[in-house]
Structures are given as C-alpha cells and as structure tokens.
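Shown next, in structure tokens, is the structure this report addresses.
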C-alpha cells in the first residue's frame, strides 16, 4: 500500500530521467607548431635577464592559452600566438641550471561538449635548461 | 479576465450552497488518470532552446500525456443531477539533453495546471447498478511553468532557472460511468478539455514570455486535450 502511495505521489510530478548520450565523432586534430629564440641555444645563460621570444602557428583549430613556468612559479601568460617575455636571475631558486617550462594549449577538435565550450585542450610543452650564473645575481 | 474567474469561483460556491430543499444528498468525487495536452507553444519553445545548444542534442520528451487528478464536492438533485465545484490538477513537461564523456547539457520544462471551478453532471442512463452521465466543468486555470537549463563540463557547471505563470478559462465535457455500491460508486470518466490559452508571464518581473522569432507574440500554455480517469464517488446522506 505504501509503495502504491509513493508511486502515486511520484506520478503527480512530471519527471523524465532519459539522457541522450552521444559518442562524439572527432575531426582531425589541429596542426600546431611553436618555436622560440632558445631553440638554437644550449643551456642559455642568464646573468641578469634574458628575453624569450615565441611564435606559435595553428591550422584547423583554435589557440587558447600559453604560460611559462620557472622554479614552480608562473612567470608569463598570454592568449596570443606571438610574444615575448623576460626572465631574470631573481626568478631562479638558486644559481645553476633550472628548467623553463612553456605550455601551449589549443583545441582538441573532438567535437565534444568540452571541446565546443573550450574546456578541453591539447597541450604542447617545451622545456629549456637555463643556466643562471651567480655572477649575474644582484 | 480576472472578473470572469471571480464569477466562475462564485458560481461554484453558489452551486455548492444552493438551498437544500431539493437536494437529496451530497458527496465527493475523487478521480485520477491521464490526460493529453496540446502545448503547441511549449513544444515550439523546446525546439528553439534545443537549437541554441552548441552540440546536437535531442528532445527526449515533449509534453506527453501525464497525470490528471480532480477532487469535486457535489450536491445531488432529483436523483439525476449533480451540481458542485472542485479542484483539478494536471502536470506534464519536456526534456532535451545531450551527454558525452566530457559533460552534459540539459533543459527541463515542468508545467502544472491548477483548476478551480464549477461542476455539473446529468444522468442520462440510470440502471440499478450502473449510471451513465454527461458531465462538464468550467474552471479558472492557473498554469505554472518551470524551465531549468543546466550544464556540467568536467568540473565546471552552471544552472539557469525561470518560472512563468498564466491564467486562462477552461472547460471540459465528458461522460461518467459509475458502478453503484451503496454509499460508494466506482467508475471511469473520459472527455475533452478546452483551454482558452493563457499568456505566460515571468513570475519575478511579470515580463511576458515572448516568441524568440516574433517579439510581438507572447507564448501561451494550452492544456487542451483528452482525458481518461478512474473515479471514486462517496455519498453523504
């Protein structure tokens, strides 16, 4: 009786539990390339400061975001495919080699909801070993 | 318009309080069943909302036949006439959705009709155990429409809700078949409800719910449709 009553009560309020589930059909991923002025340098040295220039190119997709990390801190971020920023000797934890990470985010072309809203991305990560010279510290 | 509703409610109360000289007895009728609804504008709005999705969603339900209930108090006159008033309730809704591995986007519409008005029933075939009657109702129809859209993509999400209301006159005509059991009667009833449509307005600011493609037109609720219900009649001496 109680079950009948509960079933009766629930039918007094319209509900629809169906969901339309889709397996998105992905397009080809974008063609992405990126280069920096550090590409040709081995262990670039920083006595005082160093300008890092980058240029990214994307075909068949959308560029979202770029950020650079050094010693666990974000030292630069941008949504532009072209730009430059400075790293200084103050940014390193200590003298010696430290790694500069540069992460570039761009669209996945999976055609999912996350892709359409820009909530999912492919990432291209560049790493550069930077030599921070003690003599360059003030 | 409000005057008409006042008249309807006054009529229902008047019918219930008629002098008991010719009234033999009274009682209540409780009915429950299913009803269909036209809801043309709501289906139209649902299609429009779906078209704004950034992905190919689908309508999983669109104002299907759903629950219809009523509670009616009456007085019996001349063994063949029942006069009274009561409350009726109907609900339906619609849903459109899309879901993939990254998240989901859903729009749910819930519409509820509350009707209050007068009731009249006339026995056309009076058997020992079975009665067949023609019945009708005139109601003031209050509609509440709740629209909620929400999305969740990975860990992000948002939710938008809007509530609208409308008031419209409605009436229905049908047949009742009752199996008499002393003070109790069990039966079925069926008929057709005509709703004269009510303009939907936002419950917060009173703004009309406009047609997204024609701002001059206000969207309406429309409960017009067939109904079929089981009924229990309880008589008081």
Review point. Roughly what angle does helix B:2-16 make with the longest principal axis of chain B, taking Cα atoms, 0 to 90 degrees, to the nearest 10?
Key: 30
Review point. Going by alpha carbons, how many degrees (0 to 90, nearest 10) lie between the helix axis of B:40-51 and the longest principal axis of chain B?
Key: 20
Revision key, fill the gap. PRE zone check, label point 7 Å out along Cα-to-Cβ of residue B:89, amide N under 15 Å, scope the range A:8-35, hits A:8-15
Study note, to complete from the structure: Placing each pseudo-label 7 Å from Cα in the direction of the beta carbon, residue A:48 and residue A:93 end up separated by a distance in nanometres of 2.7
Review point. What is the distance, in nm, between label points placed 7 Å from the Cα along the Cα-to-Cβ direction at residue B:196 and at residue A:119?
Key: 4.7
Revision key, fill the gap. From fewest to most C-beta neighbours within 10 Å, the residues B:223, A:86, B:129 line up as B:129, A:86, B:223
Point to revise | Estimated [θ] at 222 nm from DSSP helical runs (n ≥ 4, -39500 (n - 2.57)) normalised by residues in the protein assembly as shown, nearest 500 | key: -3000 deg cm²/dmol
Check your understanding: Which order results if B:195, A:48 are arranged by neighbouring Cβ count within 10 Å, fewest first?
Key -> A:48, B:195
Check your understanding: Hey, fewest Cβ within 10 Å first, where do B:165, B:229 land in order?
Key -> B:165, B:229
Study note, to complete from the structure: Between residue B:78 and residue A:12, Cβ-based FRET efficiency (R0 35 Å, step 0.05) works out to 0.50
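Read the figures in this text as sums done on the coordinates, not as results from a lab. Since the model is a prediction, treat every value here as computed from it, not as a measurement. All Cβ positions, glycine included, derive from the backbone under ideal geometry; neighbour counts span all protein chains shown.
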